[in-house]
Amino acid sequence: MATLTVERVSKSFGKVPVLHGIDLSVADGEMIVIVGASGCGKSTLLRIVAGLERATEGRIVISGADVTRLEPAERDIAMVFQNYALYPHMSVFENMSYGLRIRGVPKPEIARRVAQAAEMLGLSGLLERRPRELSGGQRQRVAMGRAIVREPKLFLFDEPLSNLDAKLRVAMRAEIKRLQRRLGVTSLFVTHDQVEAMTLGDRLVVMNQGRAAQVATPMEIFARPADTYVAGFIGSPAMNFLPATLTEGGLGARIADGPVVRFADGPRPGMAGRSLTLGVRPEHFALGGPLPLSPDLVEPLGSETVVHGRLPSGQEITLRLPGAPPGHGTIGIGIRPEHLHVFDGKTGLRLEAEPAIQPPPRVAA
Amino acid sequence: MRRKVIFPGTALPYLLLAPQLAITAVFFFWPAGEAVWYSFLRQDAFGISTQFVGLENFQDLFADPLYLQVVRNTLVFSVSVTAIAMSVALLLAVLADRHIRGRETYRTLLIWPYAVAPAVAAVLYIFLFHPNIGLFGRALNGMGVAWDYRLNGDQAMLVVVLAAAWKQVSYNFLFFLAGLQSIPRSVLEAAAIDGARPVRRFWTVVFPLLSPTTFFLLVINLTYAFFDTFGIIDALTKGGPANATQTLIYRAYIDGRVNLDLGSSSAQSVVLMVAVMVLTLFQFRFIERKVHY
Amino acid sequence: MPQAVPAIAAPDPAASEARRARADWITHGILVLGVVLFALPVWLVLVGSTHDAATIGRGEVPLLPGGHAAETYAAVWTQGDTRRAQVAVSTMMFNSAVMALLITIGKIAISIVSAYAVAFFSFPGRMLCFWAIFVTLMLPVEVRIFPTFQVVSDLGLVNTYTGLIVPLIASATATLLFRQFFLTIPDELVEAAKMDGAGPMRFFKDVVLPLSATNMAALFVILFVYGWNQYLWPLLITTSADVETIVIGIVKMIGAEADTEWNRVMATTVLALLPPVAVVILMQRWFVKGLVETEK
């Protein structure tokens, strides 16, 4: 078993910087999900850990050993690729055992490990098949099996579920989670899908433009997003952002062209008039408040209703209400102060209440 | 275009390239360089002294009425071969692309001439057009036509053109067929629904969509007629009668191998190289998307 | 607004059915004509080769087989013709086969490794190497007949298999085809192999070669035909009967025509046709795919 440390890893392609000093420390057996929009550098980070890409600066340490200069094959890691990257001309057995054969593992040992992994993945009857004779889900399992038989220190997953259809994706997600728990292998999992990230990760790394915007547990990230990017990225429908200014004494915020909302958890620092961004999740509005919302689209989803509309200022708001749709016409809505997120209007960073009970565990850029 | 993911190392790729590069250097660049060099030299009749004569070999070449006739022959020959081979192939391909029974069989029966050597194709045509032992040759003479391609230059040209075109049809046929099959069915169906009858559909929809194939084949056929038909001419007419079927390649061979005229032969090689380069570059302007680096 | 409905003839199912049937008949008719015109000279030669020399020499053009097949074929196989040096067709066939196979295998082997180097490595002069190979497309042997002969002659390779084969082994076409194919091998496959611990040669042997099988089969057909059908180069390089190829042999047999043994020429022609035509027809599937892909 193994730990992984990423130390100040930076990467530029030519003059274009894609990673700006990433630090990350992964405990033994932990599953870390790196999530972010495309182009945020998440795959590059994974590939640097894999050794497929060289970091411009920084170190990769696996179980205390600096592997920064080692070839992928020398790092004792295994990777599951987005397109599975199965050898099309080899059988399932040959695909799974290729790495072991290259390493000169004795034949009986290869047979034992492949049989065990195949058993675990439900591939036992398919060992003689070629990849093209397999379904998408089966190919995915073979790719996993290839990683498992190696018994590596570290599993790397590069968006392995994105080529599967929605239903299979959910099933495979659960399966990967169970497998990872059972094998207890330290894992790094890259995805752009926030649901996948929330359900799979012990901790998440939310990446934005080459930086780790926040590293924390899924619930922590949901409850206390470190900045407006993280806040907007995690949660669906996305959080609403309203421009506002700090009121006298930092006790509340005046919404642009609107009422004042008092902070429930204490004052924020700064002079009156400080520019703020208020974040409100769609489910955290209350009906019957002072903000007049003109709905322009109502989506009844059965157990809940999503309402899209505008405030008189032109501000767009998305609202999630339990139960059936409200009646026609303008509805008055209010913000539930206990669920309000406050961010600095310029930097987008989270502003905690002054007498914070404990400092938020966040990694800001 | 290049691969993103590669292997490290420099010794290995050089090693892998060595055989190809060695052969290329010794048998391509060295002789091509020599051809260019010799084209500026002239040897005396006894091969004793050699002197630099600048462009004189080229001037002599283009002042030589025989060479100009050879250029004319080559153009007539190449254009005729290309026109016949392409139009016949297009007709057959369009028909073979129709949904009829036995399509695969027709294809097989139409592609095998690709495998026939140009020289062997010429021998086959002897048995068609020879005035004494050829099927058509005898028939023509029987009908009172004075047919003997060994004596009549125009008839000789006709026979070498037919033999050269015959061999090239299957190649064109395969490409036209592939081109036709790559036209999306939906486009044809849309044209049919628009009310276009088959013939009109062909000229307004199919033929324009085939134009990349047509253009590609145009260049390939000209190249073939220029350079790959030496065997046909050597086996059928040896360039005769009275040089009527001598092409550029044949002339270069005669001057270089038979007349041992070093300077002139080299100058001709240089002319031919320029011709190939023009044709090749012409062709790559159209496929550069595939070759772009 | 005036009506602008296109005037489409009132649909008449019977007429349109009849039209289609007629079109099908015309199609078959023309295609059969094409097939016959293609096959006619070969049929004449095949039939002619089963008659005796006198029949052909008299100018009778037989359209049906005669009874002299066995003796004619046996004679050419062991003896060739009687006028000249009497090179047996078996010898010429053997020479052609050696030349065609060595050219084919040589070209494929040399090209696949060069393409691998150009596609899978980065090294100084890579572009230069690629272009050096590429430019040879513009230097076919036909345009540098004399100087190439000089080089081969200076190297003492006239009348040798080496001189016949090696200068033809470099292949820009095959290299380009393989390179084109290598560019389509997914990056992830290469990365997976790296993870599995495969080095460049191991990857070449275990992954690239097996995946190239179809391309190699296609090239085999194209290059075998190319090799078997060589004419100008062997004509320059071979003056001795030991290395004479069959394509050259036939033309030499015809010679001055006056006393040509036409039936033997015909039998030899049939034999010369057989191997490349058989390869094309038997490997048609790969050949068609390969031809269209090579040239694109």
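Residue B:171: accessible area at probe 1.4 Å, nearest 10 Å²?
Its heavy atoms expose roughly 20 Å² to the probe.
At 7 Å along Cα-to-Cβ for each site, give me the label-to-label distance between residue B:43 and residue C:201 in nm.
4.6 nm
Given a cut-off of 24 Å, name the pairs among A:153/A:177; A:107/A:153; A:15/C:194 whose C-alpha atoms lie farther apart than that in the structure shown.
Exceeds cut-off: A:15/C:194.
How far apart, in nm, are two points set 7 Å out from the Cα along the Cα-to-Cβ line at residue A:178 and at residue A:286?
It is 4.3 nm.
State the percentage of accessible surface on chain C attributable to carbon and sulfur atoms; use a 1.4 Å probe and exclude ligands, DNA and RNA.
That share works out to 68 percent.
With all protein chains present and a 1.4 Å probe, how do B:223, A:330, C:27 order by accessible area, largest first?
A:330, B:223, C:27
Hey, any idea what % of region A:4-226's accessible area is carbon plus sulfur with a 1.4 Å probe?
After summing per-atom areas, the C and S share lands at 50 percent.
What do you reckon, how do B:234, B:60 stack up by accessible area (1.4 Å probe), largest on top?
Highest to lowest solvent-accessible surface, that is B:60, B:234.
Give me the percent relative contact order of region A:237-344, please, defined on Cα pairs under 8 angstrom at least 6 residues apart.
29 percent
So for the pair residue A:119, residue A:330, with labels modelled 7 Å out along Cα→Cβ, what separation do we get in nm?
Rounded to a tenth, the inter-label distance reads 7.0 nm.
Can you tell me how much longer the chain between residue A:151 and residue A:103 gets when fully stretched, taken as 0.36 nm per residue apart minus their C-alpha distance, in nm with one decimal?
Contour length minus Cα-Cα distance gives 16.0 nm.
Among C:208, C:270, C:35, which one shows the biggest mean-square fluctuation in a GNM of chain C, springs joining Cα atoms closer than 10 Å?
Top of the fluctuation ranking is C:35.
If you take the square roots of the eigenvalues of the alpha-carbon gyration tensor of region A:237-344 and sort them as a ≥ b ≥ c, do you get rounded (a/c under 1.5), prolate (a/b over b/c) or oblate?
prolate
Once the whole set of protein chains is in place, how much accessible area is left on residue A:308, using a 1.4 Å probe, in Å² to the nearest 10?
50 Å²
Using a/c under 1.5 as the rounded threshold, could you call region C:18-68 rounded, prolate or oblate? The axes a ≥ b ≥ c are square roots of the C-alpha gyration tensor eigenvalues, and prolate needs a/b larger than b/c, oblate otherwise.
Prolate is the answer for region C:18-68, as a/c is 1.5 or above and a/b outweighs b/c.
Quantify, in whole percent, the carbon and sulfur part of the accessible surface of region B:56-290 (1.4 Å probe; protein heavy atoms only).
Roughly 63 percent, rounded to a whole number.
Averaged per residue, what accessible surface does region B:56-290 expose to a 1.4 Å probe, in Å²?
Per residue, region B:56-290 has 41 Å² of solvent-accessible surface.
Within chain C, which DSSP H helices have Cα atoms that stretch 18 Å or more along the helix axis and a mean Kyte-Doolittle hydropathy of at least 1.0?
The qualifying helices are C:13-48, C:89-120, C:213-228, C:262-282.
Ignore the peptide's own chain and count Cβ atoms of other chains within 10 Å of each Cβ in C:40-50; give me the average, rounded.
Per-residue shielding by partner chains comes out at 4.
Once R0 is set to 22 Å, what does the formula 1/(1 + (r/R0)^6) return for the Cβ-Cβ distance between residue B:25 and residue C:161, expressed as a FRET efficiency to the nearest 0.05?
0.55
Which sequence of B:170, A:275 reflects their accessible areas, 1.4 Å probe, from the largest down?
A:275, B:170
Could you tell me the total accessible area buried at the B-C interface, probe 1.4 Å, in square angstrom to the nearest hundred?
Roughly 10000 Å² of accessible surface disappears when B and C pair.
Which of rounded, prolate, oblate describes chain C, given a ≥ b ≥ c as roots of the alpha-carbon gyration tensor eigenvalues and a/c under 1.5 marking rounded, otherwise prolate only if a/b is larger than b/c?
oblate
Go ahead and collect, in residue order, the members of region B:72-111 whose backbone nitrogen is under 19 Å from a label point 7 Å along the Cα-Cβ direction of residue C:214.
Nothing falls inside the zone, counting backbone N under 19 Å.
Residue A:74: accessible area at probe 1.4 Å, nearest 10 Å²?
110 Å²
Taking amide H positions as placed 1.01 Å from N in the peptide plane, with prolines and chain starts having none, which residues 5 or more places from residue A:304, or on another chain, fall under 5 Å of its amide H?
Amide H to amide H, under 5 Å and 5 or more residues apart or across chains, residue A:304 pairs with A:323.
The values are calculated or read from the model by the stated rules, or taken from the named source; none is laboratory data. Predicted model only: the values in this text are computed from it and were never measured. Note that we place each Cβ from the backbone using ideal geometry, even for glycine, and neighbour counts take in every protein chain shown. Remember, those area values only see protein heavy atoms, side chains included, never the ligands or the DNA or RNA. Shrake-Rupley method; radii C 1.70, N 1.55, O 1.52, S 1.80 Å.
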